[in-house]
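Working notes, structure below.
The values are calculated or read from the model by the stated rules, or taken from the named source; none is laboratory data. Values in this document were obtained by computation on a predicted structure and should not be read as measured data. Glycine gets a Cβ as well: all are built from the backbone with ideal geometry, and neighbour counts include every protein chain shown.
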Amino acid sequence: MQEIPLDEIAHKDTSPAPKRPKLNFYLYLVASIANLLGFSTGNAIVWVAPVLPKLLSSADNPLGRVITHSEASWVAGLLPLGAIFGPFLAGKIADKIGRKKSLLVLALIKVGSLLITAYAHSIWLYYVSRFSIGVAIGTVFAVLPMYLAEIAQNHNRGTLACSMGVFIAIGFNFTFLLGPYLTIQNFSLVCLAPLAVFLPCFVILCPESPVFLATKHERKQLVKSLLKLRNQSIETEIALLETSQNREPTTSGLTNLLKTKSLRKAFVISLGLISLQQSAGVSAIMSYLQTIFEATGSKFAPEICAMITGTFQVFGTVLASTIVDKAGRKILLLCSSAGMSVTLLLLAVYFYLQGHKFAVVAKLSWLPVLSLVVFILAFSFGLGPVPWAVMAEVFPASVRSLAASATSVTCFVNTFVVTVAFPSMALFCGMSNCFLIFAMICLVGTVFIYKVVPETKGRSLQEIQKLLEGNQLCTMSKKINWGLYFSVLSINLTSFLTGAAYSWTSPVIPKLNNAEKLEENPFGRLISPFEESWLASLISVGASIGPVLSALVVDKIGRKKTLLVLTIPMIIPHLVLAFAKNITLFYLSRFFLGLGIGSVYSIVPIYVGEIAEDGNRGTLGCCISVMYVSGTVFCFIVGPFLTIRTLCLVLVAPAVFFLIIVSWHVPESPYYLVMVHRKEEAELALRKLRTSYDEKELEEIIKNVEASKNVKIQLGQVVKSRIIRKGLCTMSKKINWGLYFSVLSINLTSFLTGAAYSWTSPVIPKLNNAEKLEENPFGRLISPFEESWLASLISVGASIGPVLSALVVDKIGRKKTLLVLTIPMIIPHLVLAFAKNITLYYLSRFFLGLGIGSVYSIVPIYVGEIAEDGNRGTLGCCISVMYVSGTVFCFIVGPFLTIRTLCLVLVAPAVFFLIIVSLHVPESPYYLVMVHRKEEAEVALRKLRTSYDEKELEEIIKNVEASKNVKIRLGQVVKSRLIRKGVLIGSGLIFFQQCSGITVIVAYMQSIFEASGSSLKPEISAIIIGLIQLTTNVVTSQLIDRLGRRVLLLGSLVGMFLAHSLLGLYFWLKINGFDSIVSQMFWVPVGSLILYFVMFTTGVGPVSWSMLGEIFPTHVRAHASTFVCCVCSVLGFVLTLFFPNLAQIIGLGFTFWFFAACCGVGVAFVWKVVPETRGKSLLEIQQILEYGSIKH
């Protein structure tokens, strides 16, 4: 066989690697296919969670009898027992036949085991099946991480290695979702599906590991494998692989793991992390999840709790795989271990209280669910996936398979012991002590990670070996400065008191309004809403005066003495509140408490900033917020269970403790001491606050103080002095506040658009509420015909609006057009507020649509023209973020306001828009260049950029000049490839956006929920979905310029396809009388709509509008946007108008299946037609559309 020479390979791709590597779709596809084994593994591990309850009951039991608890523990424990033996095989098999063939053999073993389970009628067959699948799983845990790490590149190894955890978590969730509702036989057969996909796809599409091929010196296969797996030059990588294999020892016996220092360290790290992972109790908790929930006595159904925790596990592992190559392995492990220890302690406390029958347990039914959810989340983004990623990195290839085997054996020995022992431990020691032991293990693990585990982020496998050969493993080389941290935490006891004081009213006001417990009310009566509002707000009045008092003395008597003196107004008010019987004393106490809080809270940031070091000032500064929130949480948790007097007396303790500790052990600020010429004391303070004293720091402080003496502090000087002016802005210089302010201000119209489209969701139920006709402006119920026109007329107006805006946007400018066309958004809301006639409602909704369509076609143009290349995607997504904010606002506020009040409230953003935009937002530089106002364009750019660059203005001029040659007549649209393709992409994206059903679902949200028969109130479901939609929109705005437009669009459409398919299935079953199945699928409507909105707002929602501002040349941008917005509005009108009739004729099931089909076609459209525009200038995007590539 002829070898492929390296120079030939290099010739194929001689371009230098880009600074930001392109997304390698084929590599991720291979990893996803391989991870189907991970999915099957997760499914098998928690298979017992839904199956054991069936085997422990007589119903649906294939054994024909109820199994004993001993048999149940063996069914659960035999899998980890088998997994102990699997890794012994893994090392030999993986090194002899290769990683790929090993994984295929393991898949076949799992298929056989699942078939045995499906048809078993003997407990012994269950034992055999669980043991054999355990052997396969143990081997998978050894081989799959190796395969993923060896096919990965340096910059994505963490992501790919953690992806195994993602798929395992999805497997967990799959079991929790389907397991409780299927028979054991059906569930076992369903579990074969991922393996049926894995086997052919892995054989055909996935290459062997390049590292394995290098160890076997199969150079030709190595080259073929790397050519498939890389989208860049492979010459360097081949050389590194061959060199490293030549250097590594050829033997790989067990003794080799302890021969060298680097291998010993790797062995300790790997075994330590895996032991911690399993000894934290995750296997026992996952295996007995439903049983644990039943033991808590929680009001939530165990199956639902399991689904919730499973969902969070998927979220956690996805989060880990996303950020592990950015944040690093070590920080994720530390946060994970610490978070798990806290949640396990909370669970221990809960079960202790339950075991001793404390009455407070009845009010804490939420605590075990929350604790387990946070535990699973913390485990999933750290200790779950990351140890396997680290294990695959820290060993050289020659011993990697053996090391993986040893690590996996350790894992499953721990798993077996913990899983089998947990029921007995819970029986003899109690649940409380079990969770306490797990918590202590996590605390020890946190110390182990901090001291022993190195950071491997961004390093090649060879660099990691060199790191392990060094003398220091811990990347945090500096010693912790305990004196400094002690001082900061002591000072921040005042922040704790501030948080507690502000949240004090949360538990206290319900006590003062509790008619059933008047004997605990110090006034002996209920308080009025007026008194309630003053109790809550007087603290802020005092806090606004307090800083003035502290400013008078802080530079005269020092930071420390000022804090000590002003803590007195925080002690006395609490004592008065504890014994007061009069509302006036409560008022005075809250005011003086605010006085003290405002005083100290203005000094604490100064003190902390002055004593902190350069490397930890941010961390210590955040302690203020941490302690504030701690005080808030303390009041929320403790307050409801204490009397008002006891709570106030408890809050005296931190203040007294503060006085004692700060007086004796906390030094004065070195800056203040230098200011008052007490240099020796400043030196002593620094020695106390630093691990090692440096004279240069004191000299720097003296220099800083001397320089600042020349700065005047009169109010007028604040404007004149650049240093004070910049100091008032605490945000990073890198953030372009002028640009972001302009974009957010302009997008107030998007907020109004979202609110207007979702206005019908809370309003239509009010117009159809027979019980509250007095709140109905018509005095009668509306018909379905009127309902559909109310929802759809806004889209009729919106389809005409863009035509109006197109006539003027290039004549009077983007800004003036937006200002003029906001008027049709104000007047209709005023008419709607006072109208008593359905015709006026129709006209108002039409004219409101007219205004919305006009401004919504201009906003993407304006945003696209003022944005920078690096943030155009983010800013473009602001349109969708603000749109969804308006939607969420209507969902949250609408159900609780009258129609009149809601309409008047929505006038405010429009008025605010007119004021802010007219005074503070500049015109688009592109428009100003178009009308030959170059000087004004330069002024606008200076306002929109942190640093002005003449080249940008020159590029705008060049872009505008180039686009002038493009005619905008209809005939030219057909001839011009650039415009033709832009219109196709823009119209196509908007078409699939609307045909995904977004306008319909938003308009009829509450009605859909009512039709589903969900147990959640429709308005609550709408609020939940709205908040999720807002959250994912914000996330998308941060991801779009990192992942790119195409990835988000494709993922979004696939997710919406699945959501609509599931929702259609639910309504089809409901309509066709499958009541028994529907009763078990009560979670589907909310779950599917949540999935739909998450996926819509992750891609098709915001990205479509973001791209609309990018793909058209300047001179046709207004007309093209007009056309696309008309398409959007017409589709919105048609779908909204005919949705009720369509749902009646063909049923909701087929309606949602129609939306699913549209999403499926949309996937093909995006894949074939839509280009990637991430990081490209507007000129480069035009070149891609016209020529297919960028012309230099």
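Would you point out which residue out of 139, 159 is modelled with pLDDT under 85, touching a Leu at 6+ places or on another chain (Cβ under 7 Å) and in a helix (DSSP H, G or I)?
Numbers: 159 fails: touching a Leu at 6+ places or on another chain (Cβ under 7 Å).
Criteria check complete, one pass: 139.
Yes/no per residue for (1) modelled with pLDDT of 75 or more; (2) assigned by TED's automatic domain parsing to the domain that holds residue 170:
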site: 211; (1), (2): yes, no
site: 222; (1), (2): yes, no
site: 231; (1), (2): no, no
site: 234; (1), (2): no, no
site: 244; (1), (2): no, no
site: 248; (1), (2): no, no
site: 260; (1), (2): no, yes
site: 268; (1), (2): yes, yes
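Taking interchain pairs and intrachain pairs at least six residues apart, which have beta carbon atoms under 6 angstrom, with the first residue in the range 1152-1165 and in contact (Cβ under 8 Å) with a residue 24 or more places away in the chain and the second of a type in the set (Gly, Ala, Ser)?
1152/1064; 1153/1064; 1155/996; 1155/997; 1156/1061; 1159/996; 1165/988
Yes/no matrix, rows are residues, columns are (1) surrounded by 19 or more Cβ atoms within 10 Å (Cβ to Cβ); (2) hydroxyl-bearing (Ser, Thr, Tyr); (3) not in a loop (DSSP other than H, G, I, E, B):
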position: 537; (1), (2), (3): no, yes, yes
position: 540; (1), (2), (3): no, yes, yes
position: 550; (1), (2), (3): yes, yes, yes
position: 557; (1), (2), (3): no, no, no
position: 565; (1), (2), (3): no, no, yes
position: 569; (1), (2), (3): yes, no, yes
position: 574; (1), (2), (3): yes, no, yes
position: 578; (1), (2), (3): yes, no, yes
position: 581; (1), (2), (3): no, no, no
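Results for (1) in the same structural domain as residue 331 (by TED's automatic domain parsing); (2) small (Gly, Ala, Ser); (3) within 17 Å of residue 385 (Cβ to Cβ); (4) touching a residue at least 24 places away in the same chain (Cβ under 8 Å), shown as yes or no for each residue.
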| site | (1), (2), (3), (4) |
| --- | --- |
| 123 | yes, no, no, yes |
| 159 | yes, no, yes, yes |
| 164 | yes, no, yes, yes |
| 177 | yes, no, no, yes |
| 193 | yes, yes, no, no |
| 198 | yes, no, no, yes |
| 202 | yes, no, no, yes |
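Check 678, 690 and return the single one that is among the charged types (D, E, K, R) and within 41 Å of the chain's Cα centre (by Cα).
On the way: 678 fails: within 41 Å of the chain's Cα centre (by Cα).
Answer to the selection: 690.
If you go through the range 34-56 one residue at a time, do you hit one that is in contact (Cβ under 8 Å) with a residue 40 or more places away in the chain, surrounded by fewer than 21 Cβ atoms within 10 Å (Cβ to Cβ) and either acidic (Asp, Glu) or within 15 Å of residue 128 (Cβ to Cβ) (or both)?
No, the conditions are met nowhere in the range 34-56.
In the range 421-475, which residue that is touching a Phe, Trp or Tyr at 6+ places or on another chain (Cβ under 8 Å) and modelled with pLDDT under 70 is surrounded by the fewest Cβ atoms within 10 Å (Cβ to Cβ)? Give the steps one after another, and end with the answer.
The first filter runs over the range 421-475 and keeps only residues touching a Phe, Trp or Tyr at 6+ places or on another chain (Cβ under 8 Å), leaving 422-423, 430-432, 434-435, 474.
With the extra rule that they be modelled with pLDDT under 70, the set shrinks to 422-423, 474.
Working: 422: 24, 423: 20, 474: 14.
Out of the qualifying residues, it is 474.
Given the criterion surrounded by fewer than 21 Cβ atoms within 10 Å (Cβ to Cβ), at pLDDT 75 or above and assigned to a helix (DSSP H, G or I), identify the matching residue among 1134, 1163, 1130. Before the answer, list the steps.
On the way: 1134 fails: at pLDDT 75 or above; 1130 fails: at pLDDT 75 or above.
So the residue among 1134, 1163, 1130 that is surrounded by fewer than 21 Cβ atoms within 10 Å (Cβ to Cβ), at pLDDT 75 or above and assigned to a helix (DSSP H, G or I) is 1163.
Looking at residue 518 and the list (1) of a type in the set (A, V, I, L, M, F, W, C); (2) more than 30 Å from residue 672 (Cα to Cα); (3) touching a residue at least 40 places away in the same chain (Cβ under 8 Å), which single condition is not satisfied?
That leaves (3) as the condition not met.
Right, residue 528: assigned by TED's automatic domain parsing to the domain that holds residue 573 and within 14 Å of residue 591 (Cβ to Cβ) or not? Step through it out loud before you land on a result.
Working: assigned by TED's automatic domain parsing to the domain that holds residue 573: yes; within 14 Å of residue 591 (Cβ to Cβ): no.
So residue 528 fails the test.
May I ask you to say which residue of 560, 517, 511 is among the basic types (Lys, Arg) and closer than 29 Å to residue 660 by Cα? It would help to see each step written out before you state the result.
Numbers: 517 fails: closer than 29 Å to residue 660 by Cα; 511 fails: closer than 29 Å to residue 660 by Cα.
The unique qualifying residue is 560.
Only one of (1) modelled with pLDDT under 70; (2) surrounded by fewer than 16 Cβ atoms within 10 Å (Cβ to Cβ) is not met by residue 240, so which one is it?
(1)
Mind telling me which of the residues 853, 864 ends up being over 26 Å from residue 737 (Cα atoms) and under 34 Å from the mean Cα position of the chain (by Cα)? Talk me through it step by step, then tell me what you get.
On the way: 864 fails: over 26 Å from residue 737 (Cα atoms).
Result: 853 is the single residue among 853, 864 that is over 26 Å from residue 737 (Cα atoms) and under 34 Å from the mean Cα position of the chain (by Cα).
Give me the pairs: first residue in the range 582-593 and of a type outside the set (A, V, I, L, M, F, W, C), second residue modelled with pLDDT of 85 or more and crowded, with 20+ Cβ neighbours inside 10 Å, beta-carbon distance under 6 Å, and six or more apart or on different chains, which are they?
Going by the 6 Å Cβ cut-off, the qualifying pairs are 589/573; 589/577.
Looking at (1) of a type outside the set (A, V, I, L, M); (2) at positive phi; (3) surrounded by fewer than 17 Cβ atoms within 10 Å (Cβ to Cβ), which one does residue 98 not meet, given that it meets all the others?
The single condition residue 98 does not satisfy is (3).
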